[in-house]
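Okay, structure first, notes after.
The values are calculated or read from the model by the stated rules, or taken from the named source; none is laboratory data. Computed from a predicted structure; not experimentally measured. Using ideal geometry, Cβ is built from the backbone for each residue, glycine included, and neighbour counts are taken over all protein chains shown.
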Amino acid sequence: MNDETTVIIVAVSCLIIGALLGYFLLGRLKPGQQSRTAIEKQFNDIQKQQRDYQQQVNHHFDHTAELLNDLAESYRSVHNHIAEGAKTLHSSGISPLQPLPEGRPVLDNQPSNIPPSQQPLDYAPREPGSKGPLHEEFGLEKSEREKHPEPPVAPHA
């Protein structure tokens, strides 16, 4: 009986040890777990690349804004130089060019106090009641207009 109990104890011990060893090995070598960690690593890498790209874009636009402001200041300096030269060198002393105001950045995001210019309504001076060059009958003789009368306009319902 002693041999039988020893064999049973050894068999149960081996079974328990094998089950625990199998459980841990299966957890380590499980393909689903490996693919999940690989996907998480790939996701983290993509997020880092996205953050780096956003920083590069922000840096690019900041640098572009600085360069455009420098360009505007250079333009202002050249314009003012030409305006001053025209003022001093013009025979009457009056220059058609006026110096630009200093210190105002060209690329500010502040709303301008200057009202927007109006689009011209017509490109040639006209007398009241006459048709300007943008009218579809402009330039047609009266006999040609009679050949091609305007279609009647449908009333709005």
Legend entry - So Ile46, is it modelled with pLDDT under 95 and of a type in the set (Val, Ile, Thr): no
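Residue by residue, here is whether (1) loosely packed, with under 12 Cβ neighbours inside 10 Å; (2) at pLDDT 90 or above; (3) within 35 Å of the chain's Cα centre (by Cα) holds:
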position	(1), (2), (3)
Tyr53	yes, yes, yes
His59	yes, yes, yes
Asn69	no, yes, yes
Glu73	no, yes, yes
His79	no, no, yes
Ile82	no, no, no
Ser92	yes, no, no
Leu100	no, no, yes
